[in-house]
Every structure is written in C-alpha cells, then in structure tokens.
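> Handing you this structure, nothing more for now.
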Amino acid sequence: PTPTPPIFIAGESDRAIDLAARQGDYLFINADEPEKTAALVQKVKKLASDRYGRQIKVAMSAFAIVREHTAEAQARLEAIYRSADQQQIKYFQEQIDPNVVAHNKLDISQTIEANLGLSAQLVGDRYTIIQRLKEYEAVGVDLIVLKFESMLEDTIRFHKLVISEYTQQNSLIAL
C-alpha cells in the first residue's frame, strides 16, 4: 500500500474539533497554557475515541527562543517586542475575525507572532524549554511545530541546546 501523508485539521471551534476527530490524523492548534491545552487535547481525543472509534493526535504551533541563559532569551524577546511594527499590529487587530476561537485569546503581546506561538512560553535556557516541552507532552500534545526568528541560526541552536538532550529523555520529539 502507498503511504498517505497525515491529515492535519487546524482549528479550535467545535466544528473543527469534530472534523478532526472524525477524519483527521492531527488536530493542529495554537499555543496556549498547558492547562488550557490539556482540555482541548482531552476533548478531541475523547470525541475521536467515543464517537468515531478512532485515535487522533494533537499538534501545536509554537514560537521558541532558546539561549545559553534565560536572561539572554528574555532580552531577545523584549527586543522583538520593542521592534514590533505598531501599525502592522493595529492592522492585524482590525482584520482578525472575532468568530475565530483563537482570536478571542489575543492580547497585544501575542499579536507580534502568528498563531499565538508565544503563548507556549518556550523562551529561556535549555532547561526551561525542556521542562515546558515535558508539560505539553504530559497533557497529551503529540507534536510541536516550532517557529523561530532566524530559521537557520535558531534551528541549529535549538537542536544543539534542546533536541539532542530532550530526545534522550522523552518521546515528544522523534527524529
């Protein structure tokens, strides 16, 4: 049999959750606090199992800043906030659809990064990031799609500081 690519259904509305539970391989959600994420994960996994007799995974979008020291990562985040284009942020806020579930979670600090990625709070040193990844794994997140400010440099740094150590301890990151 020819393998098929996994089907990601993005959204947090009841309709998106039902569609993902019924036909998706993954529900793709925006970042949020682990406690809030847990409720969403439980909801879709229970619905898939109970109503449709199937299993589903949950993937989450997140933005990460990792540095040798947490103070360095926090300083980089503050620099991003300071350099944010306020006109672009205002425009974005005017354009968002208030009926989209994720948009109802926004505060000004989240509008500088798409898909609420900063809500995951993956900002800090390797130990901070690894602890946070463990929290998401514990609540049932199966995959995290990471975004970085500099895709090349930050991806290499993330691999060096986090992935190599995390994969020795946990299953969320499978290479």
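> Please give the Cα centre distance for region 117-142 versus region 72-91, rounded to the nearest Å.
If you average the Cα positions of each part, the centres end up 21 Å apart.
> Efficiency by 1/(1 + (r/R0)^6): what FRET value for SER13 and LEU143, r their Cβ-Cβ distance, R0 = 30 Å, to the nearest 0.05? Kindly include the intermediate steps, with their values, before the conclusion.
On the way: r = 20 Å, r/R0 = 0.68.
Efficiency for this residue pair is about 0.90.
> What residues have an amide H closer than 5 Å to that of ARG67, excluding those fewer than 5 places away on the same chain, when H is modeled at 1.01 Å from N in the peptide plane?
Here ALA73, GLY124, ASP125, ARG126 satisfy the definition.
> Based on the mean of other Cβ atoms within 10 Å per residue, sort peptides 82-95, 151-164, 14-27, 49-62 so the most packed one is first.
Values: 82-95: 10.3, 151-164: 15.0, 14-27: 18.4, 49-62: 16.7.
Ranking, from highest mean packing down: 14-27, 49-62, 151-164, 82-95.
> Determine, from the Cβ-Cβ distance of SER150 and ARG51 and an R0 of 45 Å, the FRET efficiency 1/(1 + (r/R0)^6), rounded to the nearest 0.05.
Working: r = 43 Å, r/R0 = 0.96.
Result of the calculation: an efficiency of 0.55.
> Continuing with this model, one more query. Among all the lysines, which ones have a C-alpha under 23 Å from LYS46's C-alpha, if same-chain residues fewer than 8 places away are not counted?
LYS36, LYS57, LYS134
> Debye sum, Cα scatterers, region 1-81, no solvent: what log₁₀ I/I(0) at q = 0.15, 0.21, 0.26 1/Å?
-0.62, -0.88, -1.17
> While we're on this one: How long is the gain from GLU165 to GLN88 if the chain were fully straight, where each residue apart is worth 0.36 nm and the alpha carbon distance is subtracted? Show your work: numbers first, answer last.
Working: separation 77, 0.36 × 77 = 27.72 nm, distance 3.76 nm.
In short, 24.0 nm is gained.
> Sticking with this one: Taking all protein chains as present, what is the carbon and sulfur share of the accessible area of region 133-173, in % to the nearest whole number, probe 1.4 Å? Could the numbers behind the result be given before it?
On the way: 1250 of 2200 Å².
Result for region 133-173: 57 percent of the exposed heavy-atom area is carbon or sulfur.
The values are calculated or read from the model by the stated rules, or taken from the named source; none is laboratory data. Please read all numbers here as calculations on a predicted model, not as lab measurements. Virtual Cβ from ideal backbone geometry, glycine too; neighbours counted across all protein chains shown. SASA here: full protein model, heavy atoms, side chains in, ligands and nucleic acids out. Shrake-Rupley method; radii C 1.70, N 1.55, O 1.52, S 1.80 Å.
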